[in-house]
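Enquirer: So that we are looking at the same thing, I have put the structure below in structure tokens.
The values are calculated or read from the model by the stated rules, or taken from the named source; none is laboratory data. Keep in mind the model is a prediction, meaning the values are calculated, not measured. Cβ atoms come from the backbone with ideal geometry, glycine included; neighbour counts cover every protein chain shown. Remember, those area values only see protein heavy atoms, side chains included, never the ligands or the DNA or RNA. Shrake-Rupley method; radii C 1.70, N 1.55, O 1.52, S 1.80 Å.
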Amino acid sequence: MIVTVAAFKGGVGKSTTALHLATYLQSQADTLLVDGDLNRSALDWADRGKLPFKVADEREGVDLARLYEHIVIDTPTKPDTKELKTLARGCDLLVIPCTPDAIALAATLHMVDALQGYRVNYRILLNIIPPSPNNSGEEARNALENAGLPVFKSGIRRLAVFQRAALLGVPVNGVKDAYAQIAWRCYVEVGKEMLELGARR
Ligand code: ADP
């Protein structure tokens with residue numbers, strides 16, 4: 001399947017999500033991560049350490065794509081509407097990470113609006129959710145669901161181990177840290193939902 005990860009706002013964990021979804025998909029079948037983010041986050045991540053899947057830029061990606069079962073595309077932040085439509089049309093699932101705060105929620109609504117009229121299979125992923133007693137994650141979920149928008153049942157918790165993983169150049173399941181497996185479970189749950197969604201198409 002082809003999974004595109006896109007967001008209208010930076011810092012919502014888009015590249016971290018693309019990288020961990022690719023890690024999950026690689027555990028099922030050969031996966032390619034195409035790093036189309038101009039910050040080249042995934043390529044830098046791969047340079048620092050070791051990732052369990054192939055990472056390519058867009059140009060290499062075109063040549064390599066047919067060799068892989070799954071492709072995850074990390075896109076430039078804030079694509080314009082035309083770019084967004086091109087990215088969204090070519091994929092099986094568009095994942096839109098969104099942090100539970102007013103600015104990211106507004107950016108997500110704006111993105112969903114831009115997709116109107118196009119048959120795009122998309123899901124919003126609540127990301128970097130702070131621990132209780134902060135209930136912004138729940139509030140954001142309610143707001144999105146009340147607006148009738150599709151949201152992944154699982155969300156990704158805010159855990160410092162994600163930043164350690166980025167520094168080490170490995171996915172979070174490769175870090176020796178008490179929270180690593182908790183962090184990884186979050187993406188495994190999302191990965192399972194994602195495969196179900198892809199399979200239903
Ligand atoms: P984007 O691609 O949207 O700009 P990044 O994936 O680069 O976002 O993440 C932005 C910052 O947030 C990075 O420092 C990253 O390590 C951190 N981050 C991402 N996901 C999480 C998380 N679940 N918990 C804590 N920090 C996170």
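Enquirer: Please list, in chain and number order, the residues 5+ apart from Lys54 or on another chain whose amide H is under 5 Å from its amide H, with Hs placed from the backbone.
Expert: Here Thr31, Leu33 satisfy the definition.
Enquirer: Can you tell me, using C-alpha contacts under 8 Å and at least 6 residues apart, the relative contact order of the stretch 58-170 as a whole percent?
Expert: 22
Enquirer: Using the reciprocal of the averaged 1/r over all distinct C-alpha pairs, how large is the Kirkwood radius of the stretch 15-66 in Å?
Expert: It works out to 11.0 Å.
Enquirer: Spin-label point model (7 Å from Cα, Cβ direction): what's the Ser132 to Asn146 distance in nm?
Expert: 2.0
Enquirer: Which three extents, in angstrom, do the Cα atoms of the chain have along their principal axes, listed largest first?
Expert: On the principal axes, the chain reaches 41, 40, 31 Å in Cα extent.
Enquirer: Related question: Can you tell me the relative contact order of the stretch 119-201? Whole percent, Cα pairs under 8 Å, sequence separation 6 or more.
Expert: 26
Enquirer: Further, regarding this structure: Would the stretch 63-109 count as rounded, prolate or oblate if I go by the C-alpha gyration tensor, calling it rounded below 1.5 in a/c and otherwise prolate when a/b exceeds b/c, oblate otherwise?
Expert: Since a/c reaches 1.5 and a/b is larger than b/c, the shape of the stretch 63-109 is classed as prolate.
Enquirer: Just the accessible area for Arg89, please: 1.4 Å probe, Å², rounded to the nearest 10?
Expert: Per-residue accessible area (Arg89): approximately 150 Å².
Enquirer: Among the lysines, which have Cα under 20 Å from the Cα of Lys50 when same-chain residues fewer than 8 positions away are ignored?
Expert: Lys14, Lys176
Enquirer: Still on this structure: Quickly estimate the mean residue ellipticity at 222 nm for the chain, helices only: each DSSP H run with n ≥ 4 gives -39500 (n - 2.57), and the total goes over all residues, rounded to 500.
Expert: -14000 deg cm²/dmol
Enquirer: For the residue pair Asn39 and Asp101, what label-to-label distance in nm results when each label sits 7 Å from Cα along the Cα-to-beta-carbon direction?
Expert: 1.3
Enquirer: Based on the inverse mean of 1/r over its pairs of different Cα atoms, what is the Kirkwood hydrodynamic radius of the stretch 143-201, in Å?
Expert: 12.9
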